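In what follows, a single structure is set out as structure tokens and then discussed.
The values are calculated or read from the model by the stated rules, or taken from the named source; none is laboratory data. As the structure is a computational prediction, the values presented were derived from the model and not from experiment. Ideal geometry is used to build each Cβ from the backbone, glycine not excepted, and the neighbour counts take in all protein chains shown.
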Amino acid sequence: MNKRKRPRTCVGCGEENPRKSMFRIVRSPEGAVCYDPTGKMPGRGAYLCEDLSCILKAKKKKALSRALRVEVSPELYEELAKKIPPEKENPEKVHD
């Protein structure tokens, strides 16, 4: 029996997308917050679109901190911005 593939919701813009096309940020059971490239790390997870505008919205709204229930450092947002694939780098694109 196949697993059901449910879309994940971006904490920045609120859009639903397949999880493979999003960044997963996880708070480990020890309380550390980091980017999860595999999508399989244990802990509480939150998803962001691979889009600079979503990363900036999430930072402005403190959406990751709220979703993970822990303070998220500004360095994590910078790390995610550097990991945006070149074909998706479009700061003018804004979701609404």
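Determine whether region 84-91 contains at least one residue that is within 25 Å of Arg6 (Cβ to Cβ), modelled with pLDDT of 95 or more, among the β-branched types (Val, Ile, Thr) and surrounded by 11 or more Cβ atoms within 10 Å (Cβ to Cβ). Looking through region 84-91, none of the residues is within 25 Å of Arg6 (Cβ to Cβ), modelled with pLDDT of 95 or more, among the β-branched types (Val, Ile, Thr) and surrounded by 11 or more Cβ atoms within 10 Å (Cβ to Cβ). If the condition is being over 23 Å from Lys82 (Cα atoms) and exposed (fewer than 13 other Cβ atoms within 10 Å of the Cβ), then region 8-43 contributes Pro29, Glu30, Gly31, Pro42. Looking only at region 44-69, which residues are surrounded by 14 or more Cβ atoms within 10 Å (Cβ to Cβ) and either in a loop (DSSP other than H, G, I, E, B) or at positive phi (or both)? Within region 44-69, Glu50, Asp51 meet the criteria.
Among the residues in region 47-64, are any free of Cβ contacts under 8 Å to residues at least 40 places away in the same chain and small (Gly, Ala, Ser)? For region 47-64, residues free of Cβ contacts under 8 Å to residues at least 40 places away in the same chain and small (Gly, Ala, Ser): absent.
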